[in-house]
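Notes for the one structure printed next.
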């Protein structure tokens, strides 16, 4: 039997995205929460960086520079003209209120000009990094993980493009859209940016790379021997090979995810608590939210009964994972909100 046949989905299997698949690898409970809430919680495939600048695309960065300079010119002309008009009116009338209005207009214009100059300087700094980047010989087919500079990778005769849509392979009922594609000849290298602060490579990252590579090969027919992880706020990039182990892990992840969804929908059986409780420490599904009557979490067409606890601040909290699986996830924020034993009311 071919590997493709093993990934063949049943007619009643649910549609899966690559992001959902990696959540199942991270934690089956997180995967189910993501799958069941995907119409409520959008898939964070392309998160913005902290500066909101397209630093990973030189052409977009130049376009942003041009637009920002245009904004600066409009601010100087508009704000300067308004300041002069108010100043003349105040001079002729002698009204203190007009002088105050002139001062406010001047201060606002100065603030806006300084703000635009700051962003222009930041863009020019990033463009200087692009200009200084030299082409490097990078072995895309290397079986080793490689840490490279993003600009130098692009300079290595790769063309950076944005996928027109998600890669969706109907026989697998699986789809996903990487952040960007690196193209050169018959090669298509998927690129994605982490949605959480970067710590290290984990199993879900290898599965995600393998999923994108396998979708590109199956759907588009191009070679995709590896993927690239680029940091949201820097030019650091990691080339991760799509090894035989990653491909096998991807296949097993698809099969386990389908099984978990079937068990949940057909038998109302859900995965056990994670053995490694540290996974819950900063998981968004276990992050406490203030409980508001009339705004429960929804699972399909079923309203989940809230599992509420009283915080030290007097407010009531709950979380998606706790409501969904009837337990108390040991999230860091939840632990800090729960009352200490000395603060608990004692029975008489």
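The values are calculated or read from the model by the stated rules, or taken from the named source; none is laboratory data. Note that the coordinates shown come from a computational prediction; the quantities given were computed from them, not determined experimentally. Every residue, glycine among them, receives a Cβ derived from its backbone with ideal geometry; neighbour counts consider all protein chains shown.
Looking at the range 242-253, is at least one residue in contact with a strand residue (DSSP E or B) (Cβ under 6 Å, 6 or more places away or on another chain) and either surrounded by fewer than 21 Cβ atoms within 10 Å (Cβ to Cβ) or over 27 Å from residue 13 (Cβ atoms) (or both)?
no
In the range 204-233, what count of residues is obtained for those that are in contact with a helix residue (DSSP H, G or I) (Cβ under 7 Å, 6 or more places away or on another chain), surrounded by fewer than 23 Cβ atoms within 10 Å (Cβ to Cβ) and within 17 Å of residue 17 (Cα to Cα)?
Qualifying residue count, the range 204-233: 1.
So for the range 211-224 (the condition being in a loop (DSSP other than H, G, I, E, B) and within 17 Å of residue 246 (Cα to Cα)), does at least one residue qualify?
Within the range 211-224, one or more residues are in a loop (DSSP other than H, G, I, E, B) and within 17 Å of residue 246 (Cα to Cα).
Could you say whether any residue in the range 57-76 is assigned to a loop (DSSP other than H, G, I, E, B) and either closer than 30 Å to residue 239 by Cβ or not assigned by TED's automatic domain parsing to the domain that holds residue 152 (or both)?
Yes, there is a match, as at least one residue in the range 57-76 is assigned to a loop (DSSP other than H, G, I, E, B) and either closer than 30 Å to residue 239 by Cβ or not assigned by TED's automatic domain parsing to the domain that holds residue 152 (or both).
Could you look through the range 1-60, keep only residues that are exposed (fewer than 13 other Cβ atoms within 10 Å of the Cβ) and either at pLDDT 90 or above or in contact with a strand residue (DSSP E or B) (Cβ under 8 Å, 6 or more places away or on another chain) (or both), and pick out the one that is nearest to residue 231 (Cα to Cα)?
This residue is 59.
Return a yes/no flag: does the range 297-320 have any residue that is in contact with a strand residue (DSSP E or B) (Cβ under 9 Å, 6 or more places away or on another chain), outside any loop (DSSP other than H, G, I, E, B) and touching a residue at least 40 places away in the same chain (Cβ under 8 Å).
Yes, the conditions are met somewhere in the range 297-320.
Name the residues in the range 225-245 that are within 22 Å of the chain's Cα centre (by Cα) and not in a strand (DSSP E or B), would you?
Matches in the range 225-245: 231, 232, 233, 234, 235, 242.
Tell me, please, whether a residue that is in a helix (DSSP H, G or I) and within 30 Å of residue 232 (Cα to Cα) can be found in the range 79-99.
Scanning the range 79-99, I find no residue that is in a helix (DSSP H, G or I) and within 30 Å of residue 232 (Cα to Cα), so the answer is no.
Among strands (runs of 3 or more DSSP E) lying entirely in the range 103-201, which contain 1 or more residues that are assigned by TED's automatic domain parsing to the domain that holds residue 62 and without any contact (Cβ under 8 Å) to a residue 40 or more places away in the chain?
The strands (runs of 3 or more DSSP E) meeting that bar are 159-161, 180-184, 187-192.
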